[in-house]
Amino acid sequence: EQITEIKESTFENCIYLSGITLPNSIQSIGENAFKGCSSSLFTEINIPSSVSSIDQTAFDLMTSLEHIYVSSLNDNYCDYQGSLYLKEKDDNDNEIMRNLLRVPEGKTGTVEFSKDLVTIDKHALYKCSKIEKYQISEDSLNYYTSPTLGYLYNKSIDTLLSVPQGNSNTVRFE
């Protein structure tokens, strides 16, 4: 028999787990499935094409996770710069990444967002304390990031949306 689901809290707090290879039969990754898997060796996870459901808390407290990779054959999810996005297609059948679902908690330095970004899930940046700066293309229709401080604003720059948790500067408004 093939495993099709990783249930709620299956690997929760397996602090010595150094990685996992998910089989192509997996369809669902449940709530807190890998929560607290904090081994310094567990730096990436590969989501196979078969996965159609991932709970927003599946990768919580994975403090060393730097990259979430998704099979290019997955119809529901994709990755950009190691972050998890909902996969969508535009009118010309081109892949676009408008909905950011999760940035890995172990990601360090600068996080680059997709230029097509429209929605940032409320849980997407949860506990990302090592991120110092955000970056998005100037072509973005919805967001702006300050080039010097790396703060995230709406496109008209009248609403500050997020300051990176690892930012050690004095907050100033440009």
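The values are calculated or read from the model by the stated rules, or taken from the named source; none is laboratory data. Note that this is a predicted model, so its numbers are computed, not measured. When we count neighbours, we look across all protein chains shown, and the Cβ atoms used for this are built from the backbone with ideal geometry, even at glycine. With ligands, DNA and RNA removed, areas are computed over all heavy atoms of the protein, side chains included. Shrake-Rupley method; radii C 1.70, N 1.55, O 1.52, S 1.80 Å.
Springs join every pair of Cα atoms under 10 Å in this Gaussian network model of the chain, and among Cys37, Cys14, Cys78 the largest mean-square fluctuation is at Cys14.
Within a straight-line Cα-Cα reach of under 27 Å, Lys127 can be paired with the following lysines, leaving aside sequence neighbours fewer than 8 residues apart in one chain: Lys7, Lys35, Lys87, Lys107, Lys115, Lys155.
Per residue, the stretch 1-98 exposes an accessible area of 54 Å² to a 1.4 Å probe, with every protein chain left in place. Between Glu95 and Asn13, the distance separating the two model label sites (each 7 Å from Cα on the Cα→Cβ line) works out to 3.7 nm.
Candidate values (1) 12.5; (2) 14.3; (3) 10.5 were compared with mean projected area of the Cα convex hull in nm² computed on the shown model; the agreeing label is (3). If you average the alpha carbon positions of the stretch 66-131 and of the stretch 133-174, how far apart do those two centres end up, in angstrom? Distance between centres, Cα-based: 17 Å. Within the accessible surface of the stretch 1-153, defined with a 1.4 Å probe on protein heavy atoms only, the carbon and sulfur portion equals 43 percent. First select every other residue whose beta carbon is under 14 angstrom from the beta carbon of Glu31; then total the charges, Lys and Arg +1, Asp and Glu -1. Neighbour charge sum, excluding Glu31 itself: -2. Residues whose amide H falls under 5 Å from that of Glu88, counting only those 5 or more places apart or on a different chain, are Ile96, Arg98, with hydrogens built in the peptide plane. Applying the Karplus relation 6.51 cos²θ - 1.76 cosθ + 1.60 with θ = phi - 60° to the stretch 58-67 yields 3J(HN,Hα) values of 4, 10, 5, 6, 8, 5, 9, 5, 10, 9 Hz, where x marks Gly and Pro. The antiparallel fraction among DSSP beta bridges confined to the chain stands at about 50%. On the beta carbon distance between Gln165 and His67, with R0 = 25 Å, the FRET formula returns roughly 0.85. Residue-wise HN-Hα couplings along the stretch 142-148, as the Karplus relation 6.51 cos²θ - 1.76 cosθ + 1.60 with θ = phi - 60° gives them from phi, are 10, 9, 9, 10, 5, x, 8 Hz; Gly and Pro carry x.
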